[in-house]
Each structure stands twice: as C-alpha cells, then as structure tokens.
Amino acid sequence: MTSLGNSLASRDIASLLHPYTNLRVHQKKGPLIITRGRGVHVYDDDGTEYIEGLAGLWCASLGFSESPLAEASPRQMATLPVYHGVADK
C-alpha cells in the first residue's frame, strides 16, 4: 500500500482493531471506508454502493439518513442518548 498520509485509511490502520480481520492483510490492503448511508444502502469513499445487511450491528435497523429519525434525534440526545437493555426490573 502506498503512503496514505493522514487519510481515513491510514488512521484506521494505525488505530482501530477490527474483529475477525487478519490485521496483516488489513495493514497491506487497507480498510473499507464507509462514508455515508441512505435507507438500506451504504457507500464507500469511492462511491460504491452496498446493501448494508447487518443493520449497523443492531443500531441502524430502521435504515440510514431517515428524515423523521434525524429530526427526532436532537430531542432524544438531550433527554437520554443511550441506555442498555440488560437489567430488567
């Protein structure tokens, strides 16, 4: 892999551990950088479209860039941004 300077790919290689990834191959080949999403699709930094079949690993099950969710999120973030569902009453 050529020098990537301070690109997203070089920062990814230097600082992130990807589960189930051969890190030697990852270091040479580089990461898949997803830059945006719309509905069930995500797009990489080259503009290639993919169907995102894992729902962002359970955090984007309603899709990406959905206007009603984007409009509601500032209110929710100010109230309770996240909470686990592990402990039941």
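Values quoted throughout were computed directly from the atomic coordinates according to the rules given, and no laboratory measurement underlies them. It should be emphasised that the depicted structure is a prediction, and the values quoted were computed from it without experimental measurement. Every residue, glycine among them, receives a Cβ derived from its backbone with ideal geometry; neighbour counts consider all protein chains shown.
Given the options L57, P31, S15, identify the residue whose Cα lies farthest towards the positive end of the charge dipole of the chain (+1 on Cβ of Lys, Arg; -1 on Cβ of Asp, Glu). Farthest towards the positive end: S15. Placing +1 on each Lys and Arg Cβ and -1 on each Asp and Glu Cβ, with no other charges, gives the chain a dipole about its Cα centre of roughly 300 debye. Within the shell defined by Cβ-Cβ distances under 10 Å, the residues around I34 carry a net charge of -2, with Lys and Arg each +1 and Asp and Glu each -1. Potential lengthening of the chain between V82 and R38 amounts to 13.6 nm, from the contour at 0.36 nm per residue minus the alpha-carbon distance. Here the scattering of the chain is modelled by Debye summation over its C-alpha atoms, one equal scatterer each and no solvent; at q = 0.11, 0.22 Å⁻¹ the log10 of I(q)/I(0) is -0.48, -1.15. Once the Cα atoms are used to define both axes, helix 67-79 deviates from the longest principal axis of the chain by about 70 degrees. Between S61 and T21, residue separation times 0.36 nm minus the direct Cα-Cα distance comes to 12.0 nm. Mean residue ellipticity at 222 nm, helices only, the chain: -9500 deg cm²/dmol; runs of at least 4 DSSP H residues each add -39,500 (n - 2.57), and the sum is divided by the number of residues.
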